[in-house]
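Visitor: Let me give you the structure first, and then I'll get to my questions.
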Amino acid sequence: MQSADHAAAVEASRRQDEGGERLRARMAAAFFAAVIAALALVPVLTGNTSFAFYLMLWITMASALNIVVGFTGYLPFGYVVFYGVGAYAAGICYKVLGWPIPLALVASGVAGICLALLLAPTLRLKGVYFGIVSLALATIMRLIIANLPSDITGGSMGLILSSSNNPFASYYAMLLVMAATLLSVLWLAQSALGKALKAIRDDDGAAACIGIDVPRTRLVAWLLAALFPALAGGVEAWHTNIIDPEYAFHVLITAKSIVYAMAGGFGTIIGPVVGAAVLLGIDHVIWQKFPLINLLLLGLVIIALMLFLPRGIVGTVLKRRPQLRRFIA
Amino acid sequence: MSGLLLQGIINGLIMGVIYGLIGAGLNIVFGVLRVVNFAHGEFVILGAYFAWFLLQALGIQPFLAMPLTFAVFFGVSYLLYFVLIPPLAKADDPEISSLLLMFGVSISMGALMLLVFDADARSLSFEMEPVFLTFGPVVVPTVRLVALAAALMIVAGLAYFLYRTHTGKALRAIIMNRDAVRIVGIKVEQLSAIAFGLGIGLAGVTGILTALVFPSFSPFVGADYTLIGFVVIVLGGLGHPIGAMLGAILFAVTEQVASIYFNPSIATICGFVLMVATIFVRPTGLLGRQALR
Amino acid sequence: MLKVEGLQKRFGGVAALRGVGFHLPRRAILGVIGMNGSGKTTMLNCINGIYQPDSGSIRLDGKEIGGLPVHTIARRGIGRTFQVPRVFSHLSLLDNLDVAQGQMGLSAAERYEASSYWLNKVQLFGLRHNFAEELSGGQQKLLELARIMVAKPKVILLDEPFAGVNPGLAQLLIAIIAELPREHDCSVVLVSHDLTSIYQLSGHVIVLNEGTLLCEGDANTVRNDPAVIEAYLGA
């Protein structure tokens, strides 16, 4: 009899605890849905989609980076390489091979995954070593592409895809990529895989000791984190019609992805979205009002964030008010 | 043929020592503070601008400007330490947070230099007689040789400081074991500020050397020096002051010798591939002993 | 259950283990004592795969497990704790236990039941939503024990479970460990400096000294062994 009571009590507390977890997921899902819906309406309501397009791009970049930084603790300083390779894969498939755009975008994703598999051995490295090797490999990749015959990559001139121009369709393609990224992050945060990744981030040795296959689990996160920036690179190439070898592998792209995600808070799932929106907004205002000191102010904003909000906006809120952890993931 | 090779090796050695100084500055800051100074390259460039200013405005010769630059950079960054670094201790992952913080510093400094000095490439208009020295098949600009001598003197001074003085020994003790040092009762805070000042002071002086060895500098090239600095210290062993020098010479000789046979970007690839390959064979670099987290 | 024979491990020129062996029967608690540097932790690290032993055999239920990867050995049923507790600091206590059951193919309800059982057992259920980093050191050790127990291991390796734990929590730990063999069909290898609790818990004790087996036997035999007295008191 007592054990029946006990079972019922366990069941009740399980319901309650799971309800809490589900509430958190629902809040995040509702937030994401609102962001997606608002961005879907932008081209219908206004003529100027540029800011919204780049907001989607940076939300994608920051959220995908969060998969590898927030969930595994690796900081790939050459993260831009996936974006750049995605852009070039789409460009080469469209321009040189004559593939239709949708197929070229699939090629972007495939290229990102293949590159991630190629770079997977670097996951053996840790901390700063991983970051620097990643940066060096991104530089190598940029130099290799710059040295390929220019009838493939366009050499230092880059590729121009003028005949594919379709700002409307490419806008919604980016929306799709962003939505897929957010869904993946949402799923990951709830899944056993996501918990295993966080366990690995906290202590990989102890994670192995409870039966988690650390290299394999990390690899899954790594592939996911590579897929979305590659797709984003492909879609952006389509949207702007230009692939510039300097820009496509520029360290600032990595840096901005990191800074936006960091500003929101790594490891929280809505953090990178909040961070990208806030900082891109600030950046936009600065750019319009003070174009000359734009970069200077961006740098100062980063310094201020690191000194005063080292856990990011969402991370700091959760640290100060732990009771909010029930609602915010 | 062998003359060209010899020329490449000589050039590689000269650049290697300078890269090594960049790496040594980074390594002291990383080793003592666990701070990844992503703005190191900008401090190098700022050193070059500082010497340029001293030469243009006050007529101070670059080699005389070195001690002055070191003193100014050391003093300013000694104070800067107390503003920037202590708050990092609160972060979840101080190492990565420091990287991002210093990245912010790097962007700000690059932008400031762009505003103050414009985007044009500058160079130190400084010449010595004779302009070139010839040793058999090898031709070396005199300025480079003098710069090499100055660099070697700085290395010797640094080694003396780290291995013979009380403060230097304490710094090395912190690099080896931070916790133990705290227990022994060394003033970690003040020594950390000294290490920060020393690292950035070295960056400033190295900036003057790079301005003498390379034809020009501009606000945009700081990141390149930071990357090279990291590549050489990762190659040599993070936190290991001498490892940086070894890694740098290896990297620079590889790059310079490769540039004889291939175009410059292939040569850069060769240097980086060397670093990546070394890391896979020896995950803590050539001289790194302890596995760093 | 667990049979270890001729285990050897060198680091560079230093021999950390020089042919250690023992047999752990089912539902037994084996005590392991020895000075610092006698090879206790190295032995645990070899058994659960953190180190590759240079030679020797480690058999679980008659099957060789020496040289397998850490996570495979864990899935075969060997759990382990650490001298300094290694919890997942930024996961809640519930998630710390949940993630340890990720390989078992259980439903969420089954996992929750095991988690809540063990959290109650170590008296941390009320803190289940807290991050593990918010626990005291002693509580983290209890959480670590709960984390390996939810996976229903056959053998657990406890490395200094009482070090740095306040006396109250230590009593709780001792009580839990004492009932593991009978109630949870689990065998225990217990490494400790704390001779009193070892004598209290373990029927059979082995003494390591400089990587070799100094002596073994029941608590009384070991306590009165001249070699042990010399090693402990003479040094």
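Visitor: Please go through the stretch C:213-232 and give me each residue that is of a type outside the set (A, V, I, L, M, F, W, C) and outside any helix (DSSP H, G or I), ordered by number.
Guide: Passing the criteria: C:216, C:217, C:218, C:225.
Visitor: Restricting attention to the stretch B:222-231, does a residue exist that is closer than 23 Å to residue B:78 by Cβ, more than 14 Å from chain A (Cβ to nearest Cβ) and touching a Gly at 6+ places or on another chain (Cβ under 7 Å)?
Guide: no
Visitor: In the list C:169, C:119, which residue meets the criterion of being assigned to a helix (DSSP H, G or I), in contact with a Gly (Cβ under 7 Å, 6 or more places away or on another chain) and among the aliphatic types (A, V, I, L, M)?
Guide: C:169
Visitor: Any idea how many residues of the stretch C:122-135 are more than 22 Å from residue C:183 (Cβ to Cβ) and part of a helix (DSSP H, G or I)?
Guide: Counting residues in the stretch C:122-135 that are more than 22 Å from residue C:183 (Cβ to Cβ) and part of a helix (DSSP H, G or I) gives 5.
Visitor: Give the number of residues within the stretch A:260-278 that are open to solvent by less than 10 Å² (accessible area, probe 1.4 Å) and assigned to a helix (DSSP H, G or I).
Guide: Number satisfying all stated conditions: 9.
Visitor: While we're here: Go through (1) among the hydroxyl-bearing types (Ser, Thr, Tyr); (2) within 22 Å of residue A:139 (Cα to Cα); (3) surrounded by fewer than 22 Cβ atoms within 10 Å (Cβ to Cβ) and name the single condition residue A:240 misses.
Guide: (2)
Visitor: I need every pair where a residue in the stretch B:254-277 that is acidic (Asp, Glu) has its Cβ under 6 Å from the Cβ of a residue that is in a helix (DSSP H, G or I) and modelled with pLDDT of 85 or more, sequence separation at least 6 or different chains.
Guide: B:255/B:267; B:255/B:271
Visitor: Select, from C:2, C:68, C:44, C:60, the only residue that is within 26 Å of residue C:149 (Cβ to Cβ), away from chain A (no Cβ under 11 Å) and under 14 Å from the mean Cα position of the chain (by Cα). Before you say what the answer is, go through the steps one by one.
Guide: Values: C:68 fails: under 14 Å from the mean Cα position of the chain (by Cα); C:44 fails: away from chain A (no Cβ under 11 Å); C:60 fails: under 14 Å from the mean Cα position of the chain (by Cα).
After applying the criteria, what remains is C:2.
Visitor: For residues in the stretch C:88-116 being open to solvent by less than 10 Å² (accessible area, probe 1.4 Å) and assigned to a loop (DSSP other than H, G, I, E, B), which is modelled with the lowest pLDDT?
Guide: Applying the filter and picking the extreme gives C:91.
Visitor: Let me ask something additional. Kindly check whether there is at least one residue in the stretch C:177-200 that is within 14 Å of the chain's Cα centre (by Cα), among the hydrophobic types (A, V, I, L, M, F, W, C) and closer than 30 Å to residue A:20 by Cβ.
Guide: no
Visitor: Just to be sure, is residue A:191 open to solvent by less than 20 Å² (accessible area, probe 1.4 Å) and without any contact (Cβ under 8 Å) to a residue 12 or more places away in the chain?
Guide: On the way: open to solvent by less than 20 Å² (accessible area, probe 1.4 Å): yes; without any contact (Cβ under 8 Å) to a residue 12 or more places away in the chain: yes.
Against the criterion (open to solvent by less than 20 Å² (accessible area, probe 1.4 Å) and without any contact (Cβ under 8 Å) to a residue 12 or more places away in the chain), residue A:191 qualifies.
Visitor: Right, here's the next one. Out of B:196, B:161, B:126, B:132, report the one residue that is among the aromatic types (Phe, Trp, Tyr) and open to solvent by less than 20 Å² (accessible area, probe 1.4 Å). Let's see the steps before the verdict.
Guide: Values: B:161 fails: open to solvent by less than 20 Å² (accessible area, probe 1.4 Å); B:126 fails: open to solvent by less than 20 Å² (accessible area, probe 1.4 Å); B:132 fails: open to solvent by less than 20 Å² (accessible area, probe 1.4 Å).
Within the list B:196, B:161, B:126, B:132, the selection yields B:196.
Visitor: Please list, ordered by first then second residue, the pairs with beta carbon atoms under 7 Å, 6 or more apart or interchain, first in the stretch C:92-105 and facing chain A (nearest Cβ under 7 Å), second of a type in the set (Ser, Thr, Tyr).
Guide: Between residues of the stretch C:92-105 that are facing chain A (nearest Cβ under 7 Å) and residues that are of a type in the set (Ser, Thr, Tyr), the close pairs are C:94/C:115; C:98/C:115.
Visitor: Also, I was wondering about something else. Please work out which residue is nearest to residue A:180 (Cα to Cα), limiting yourself to the stretch A:214-232 and to residues that are of a type outside the set (A, V, I, L, M, F, W, C) and without any contact (Cβ under 8 Å) to a residue 40 or more places away in the chain.
Guide: Result: A:217.
Visitor: Conditions first: (1) open to solvent by less than 20 Å² (accessible area, probe 1.4 Å); (2) part of a helix (DSSP H, G or I); (3) within 10 Å of chain A (Cβ to nearest Cβ). Residue B:258 passes all but one, so which condition is the exception?
Guide: Residue B:258 satisfies every listed condition except (3).
Visitor: Any residue in the stretch A:201-212 that is more than 7 Å from chain C (Cβ to nearest Cβ) and touching a residue at least 24 places away in the same chain (Cβ under 8 Å) sitting within a Cβ distance under 6 Å of a residue that is open to solvent by 20 Å² or more (accessible area, probe 1.4 Å) and assigned to a loop (DSSP other than H, G, I, E, B)? List the pairs, counting only those 6 or more apart or interchain.
Guide: From residues that are more than 7 Å from chain C (Cβ to nearest Cβ) and touching a residue at least 24 places away in the same chain (Cβ under 8 Å), the pairs are A:201/A:73.
Visitor: Would it be correct to say that residue C:83 is more than 11 Å from every other protein chain (Cβ to nearest Cβ) and either part of a loop (DSSP other than H, G, I, E, B) or surrounded by fewer than 17 Cβ atoms within 10 Å (Cβ to Cβ) (or both)?
Guide: Here the answer is yes, as residue C:83 does meet what is asked.
Visitor: Just the residues that are touching a residue at least 60 places away in the same chain (Cβ under 8 Å) and open to solvent by 10 Å² or more (accessible area, probe 1.4 Å), please, taken from the stretch C:203-215.
Guide: Across the stretch C:203-215, the qualifying residues are C:203, C:204, C:209, C:210, C:212, C:213, C:214.
Quick grid of which residues meet (1) of a type outside the set (Phe, Trp, Tyr); (2) within 23 Å of residue A:30 (Cβ to Cβ); (3) in contact with a Cys (Cβ under 8 Å, 6 or more places away or on another chain); (4) surrounded by fewer than 18 Cβ atoms within 10 Å (Cβ to Cβ):
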site	(1), (2), (3), (4)
A:290	no, no, no, yes
A:294	yes, no, no, yes
A:297	yes, no, no, no
A:304	yes, no, no, yes
A:312	yes, yes, no, no
A:315	yes, yes, no, no
A:318	yes, yes, no, no
A:324	yes, yes, no, yes
A:327	no, yes, no, yes
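Visitor: Select, from A:221, A:237, the only residue that is touching a strand residue (DSSP E or B) at 6+ places or on another chain (Cβ under 6 Å) and either part of a helix (DSSP H, G or I) or modelled with pLDDT under 95 (or both). Steps first, answer last, please.
Guide: Values: A:221 fails: touching a strand residue (DSSP E or B) at 6+ places or on another chain (Cβ under 6 Å).
The conditions single out A:237.
Visitor: Here's a check for you: in the stretch B:16-62, which residue that is part of a loop (DSSP other than H, G, I, E, B) and out of contact with any Gly (no Cβ under 7 Å at 6 or more places or on another chain) is surrounded by the fewest Cβ atoms within 10 Å (Cβ to Cβ)?
Guide: B:59
Visitor: Can you report the number of residues in the stretch C:113-134 which are farther than 22 Å from residue A:323 by Cβ and not polar (S, T, N, Q)?
Guide: Residues flagged as farther than 22 Å from residue A:323 by Cβ and not polar (S, T, N, Q) within the stretch C:113-134 amount to 6.
Visitor: What are the residue pairs meeting all of these: first residue in the stretch B:59-79, first residue over 16 Å from residue B:213 (Cα atoms), second residue crowded, with 19+ Cβ neighbours inside 10 Å and among the polar types (S, T, N, Q), Cβ atoms under 9 Å, and 6 or more apart or on different chains?
Guide: none
Visitor: Then there's this: Out of B:83, B:116, report the one residue that is more than 7 Å from every other protein chain (Cβ to nearest Cβ), more than 15 Å from residue B:192 (Cβ to Cβ), open to solvent by 60 Å² or more (accessible area, probe 1.4 Å) and at pLDDT 85 or above.
Guide: B:116
Visitor: Return the residue satisfying two criteria in turn: it lies in the stretch C:1-53 and is of a type in the set (A, V, I, L, M, F, W, C) and in a helix (DSSP H, G or I), and of such residues it is surrounded by the most Cβ atoms within 10 Å (Cβ to Cβ).
Guide: Residue satisfying both the conditions and the ranking: C:43.
Visitor: Quick check on the stretch A:14-49: of everything there that is of a type in the set (S, T, N, Q) and open to solvent by 60 Å² or more (accessible area, probe 1.4 Å), which residue is farthest from the other protein chains (Cβ to nearest Cβ)?
Guide: Filtering first and then ranking leaves A:46.
Visitor: Scan the stretch A:227-282 for residues that are within 12 Å of chain B (Cβ to nearest Cβ), in contact with a Ser or Thr (Cβ under 8 Å, 6 or more places away or on another chain) and of a type in the set (A, V, I, L, M) and jot them down.
Guide: Result: A:261, single match.
The values are calculated or read from the model by the stated rules, or taken from the named source; none is laboratory data. These numbers come from a predicted model, not from an experiment. FYI the Cβ positions are ideal-geometry reconstructions off the backbone, even for glycines, and counts take in every protein chain you see. Protein only, heavy atoms only, side chains kept; ligands, DNA and RNA dropped before computing areas. Shrake-Rupley method; radii C 1.70, N 1.55, O 1.52, S 1.80 Å.
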